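Have a look at the structure below, then the notes.
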């Protein structure tokens, strides 16, 4: 089986809601806009897609819609992680059934498993599917850190092909690239440090910011891979304030506010997530205006 190329500028899609339900029409428009802007891949129902507040049927329906709209133009990576291994396995099998190209597996949250527990968890998910699996380490959100020694062990499993590294630590990413390398890809999961990670060998990003500024994120990757480091650096600095604003309040609230300002989605989240404060909304308006990202 030919595996998809999981590198480049990829977007961790938000899940649009309208009147409490998933807004599949808005989701369709988002996918089309992302592909038109040059994005290299899409993550459906990752943690940015509010996976914790979708039920299983909604979750799989969103993956299926993204797969259908993408229609093979870019790979679709389904977020199928969970804090119970059996749940992650079940979601992974269902995502495969509706055509996902790969899986994104966040570290189990709240449980705080040992490194051996993490190894067995991810190994069990990988054994249950033929799809390529990307690990996802974001300890500030999960309370659980997947350490480099464990990543090296997991990289020996054939269909575990990379990691979304969201610690924001350049030394951590550098260590993973040096020790794993080869077929195992290290992907930035922290927008603010994406360009520096490219410089040490990261092979892409799974980005929140690219929901709002997909062309700029795609251009940054294209410049980096072409060795045009001044252009990549200029884009990195241009996005500095937006990178900060999208995480001032709990993500994806600010991202959804920015997309609402762009006229793409309703500013609707599910409790316990709530819309951003009026002050942040206006800061986002000003920054999007400065970047010429409003219609």
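Restricting the range 130-158 to residues that are assigned to a loop (DSSP other than H, G, I, E, B) and touching a residue at least 40 places away in the same chain (Cβ under 8 Å), the residue that is nearest to residue 208 (Cα to Cα) is 138.
In the range 77-88, of all residues being in a helix (DSSP H, G or I) and either touching a residue at least 40 places away in the same chain (Cβ under 8 Å) or out of contact with any helix residue (DSSP H, G or I) (no Cβ under 8 Å at 6 or more places or on another chain) (or both), the one that is surrounded by the most Cβ atoms within 10 Å (Cβ to Cβ) corresponds to 85.
Number of residues in the range 89-108 that are assigned to a loop (DSSP other than H, G, I, E, B) and buried (at least 17 other Cβ atoms within 10 Å of the Cβ) equals 5. Checking each residue in the range 32-76 for being touching a residue at least 60 places away in the same chain (Cβ under 8 Å), in a helix (DSSP H, G or I) and surrounded by fewer than 21 Cβ atoms within 10 Å (Cβ to Cβ) picks out 33, 53. Scanning the range 268-280 for residues that are surrounded by fewer than 16 Cβ atoms within 10 Å (Cβ to Cβ) and touching a helix residue (DSSP H, G or I) at 6+ places or on another chain (Cβ under 6 Å) yields one hit, 270. Do the conditions hold for residue 194, that is, is it assigned to a helix (DSSP H, G or I), within 13 Å of the chain's Cα centre (by Cα) and more than 22 Å from residue 84 (Cα to Cα)? Considered against the rule, which asks whether it is assigned to a helix (DSSP H, G or I), within 13 Å of the chain's Cα centre (by Cα) and more than 22 Å from residue 84 (Cα to Cα), residue 194 comes out as yes. Say whether the condition of being over 23 Å from residue 291 (Cβ atoms), part of a helix (DSSP H, G or I) and modelled with pLDDT under 95 is met by at least one residue in the range 173-187. No. Within the range 104-126, the residues that satisfy the criterion of being closer than 16 Å to residue 54 by Cβ and touching a helix residue (DSSP H, G or I) at 6+ places or on another chain (Cβ under 7 Å) are 106, 109.
The values are calculated or read from the model by the stated rules, or taken from the named source; none is laboratory data. What you are looking at is a predicted structure, and each value in this text was computed from that prediction instead of being measured. Backbone-built Cβ (ideal geometry, glycine too); neighbour counts: all protein chains shown.
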